[in-house]
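Everything on this sheet refers to the single structure shown next.
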Amino acid sequence: MSFPVPAPPARRLASAKQLLTLRSGVSVRVSPKHGRFFWAVTKTEGSRLLAAESGSMEPAAAGPGKGNLFADVRAAVVRHQDSSEELVYCDDESAAEGLRTTGVTASCSFPPAAAIVALDEAIRLSIQSFHARCTITTDSSRGKHSAWLGHGWVIDFGSDSRLVLGQKASEGTNILEGELRSIRYGLQAARGAYAASLQGSSDVTIRSDSQLALRMLTEPGFEPPSSNRFCREEVSRILHYTRFTAVTFSWVRGHDGDPHNTAADRLAVLARRTREALLTPEEVLRLTQQVREDAAADIRRSSMALAA
């Protein structure tokens, strides 16, 4: 009796990892982050990166069904395809569907290994470049007959970035304490909008119309008569927040037409007055939305006028 003798397979088997490494072509990622759509397109051949391109768009500009967004991505894909028949890899089904609506043959099959690394890096660099500059403008408001302090801040990353506007009320002793606390709140808001902004990834400028607050932050040992332990605590917290990044402290003349300062002032006054008036949450929300929309529109109009 004879038995079959094992023989090697006619074709060598390759692991999934090997197949992924050998895969080549154009790959796409669309990533919603920080209130925008960031996208990247790469072309790889085996383990080699041949090309990479990236961009971003505000949701409001993306259009119905994100048509404008995927039109931009398609244009980048076409620039790197060898032919229109070449399969495009997407690591997200919604990105694949969006590209298909533009006529691109897109698959949600896993992209090549080299492309995954390149897409990660392209998106990271695009986000970092978009947030390269961070301008924080703050102001405070104090009433004559209450202990409430109002705080307002405007975070602007430049370019066509969304503005981050905010306000808050706190109890305090004097306006210097309020100005310093507003700066701290502004820094917290910037970190919330882009965590790396206070880790050295952004050039940060803090703008305030309080010369005393700025001197306490830039002149070690300076302490005006109006300072107290709360002011000193705020200075310590601000310097702690900014210990990893280069910060420029800049004075802006208050109530002099600067749109960012005007917006911060309006927000600070709103925060204080709504707390003093004990308005309902619905009334506060309505007033807040109106002030923020008006302030953002004023800043954008000013930016467009300067660019013209």
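The values are calculated or read from the model by the stated rules, or taken from the named source; none is laboratory data. Computed from a prediction, not measured in an experiment: that's the story for all the values here. So basically every Cβ, Gly included, is an ideal-geometry build from the backbone, and we count neighbours across all protein chains shown.
Tabulated results
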| item | result |
| --- | --- |
| Residue within region 114-122 that is over 30 Å from Q199 (Cα atoms), touching a residue at least 24 places away in the same chain (Cβ under 8 Å) and either in the same structural domain as V30 (by TED's automatic domain parsing) or among the basic types (K, R) (or both) present | no |
| Options A190, A169; residue that is in a strand (DSSP E or B) and closer than 21 Å to A271 by Cα | A169 |
| T274 vs. criteria touching a strand residue (DSSP E or B) at 6+ places or on another chain (Cβ under 9 Å) and assigned to a loop (DSSP other than H, G, I, E, B) | no |
| Matching option when the condition is within 14 Å of the chain's Cα centre (by Cα) and either of a type in the set (A, V, I, L, M, F, W, C) or over 23 Å from I127 (Cα atoms) (or both), among A213, A196 | A196 |
| Residue within region 225-233 that is in a loop (DSSP other than H, G, I, E, B) and acidic (D, E) present | no |
| Test set (1) at pLDDT 95 or above; (2) within 19 Å of S161 (Cβ to Cβ); (3) touching a Leu at 6+ places or on another chain (Cβ under 9 Å); (4) exposed (fewer than 14 other Cβ atoms within 10 Å of the Cβ) - L267 fails condition number | (4) |
| Scope region 59-84; condition surrounded by 14 or more Cβ atoms within 10 Å (Cβ to Cβ) and acidic (D, E); matching residues | D72 |
| Count of region 140-164 residues which are within 28 Å of the chain's Cα centre (by Cα), among the hydrophobic types (A, V, I, L, M, F, W, C) and at pLDDT below 95 | 3 |
| In region 25-59, the residues that are farther than 28 Å from G158 by Cα and in contact with a Leu (Cβ under 9 Å, 6 or more places away or on another chain) | G25, V26, S27, K43, T44, G46, S47 |
| Within region 1-112, strands (runs of 3 or more DSSP E) holding 3 or more residues that are at pLDDT 90 or above, within 24 Å of R124 (Cβ to Cβ) and of a type in the set (A, V, I, L, M) | 25-33, 48-57 |
| Selected residue [within 27 Å of the chain's Cα centre (by Cα) and among the aliphatic types (A, V, I, L, M)] from A113, A95, A106 | A95 |
| Checklist (1) at pLDDT 95 or above; (2) β-branched (V, I, T); (3) part of a loop (DSSP other than H, G, I, E, B) applied to T245, failing item | (1) |
| Filter result for the condition that a residue is in contact (Cβ under 8 Å) with a residue 40 or more places away in the chain and either on the phi > 0 side of the Ramachandran plot or not in a loop (DSSP other than H, G, I, E, B) (or both), over D298, D265 | D265 |
| Cross-chain or 6+ apart pairs with Cβ under 9 Å, region 40-51 first and farther than 17 Å from R29 by Cα and in the same structural domain as A71 (by TED's automatic domain parsing), then in a loop (DSSP other than H, G, I, E, B) and small (G, A, S) | E45/S24; G46/S24; R48/S24 |
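Residue-by-condition table, conditions (1) within 25 Å of A40 (Cβ to Cβ); (2) surrounded by fewer than 19 Cβ atoms within 10 Å (Cβ to Cβ):
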residue	(1), (2)
R133	yes, yes
T138	no, no
T173	no, yes
E177	no, no
I183	no, no
Y194	yes, no
I206	no, no
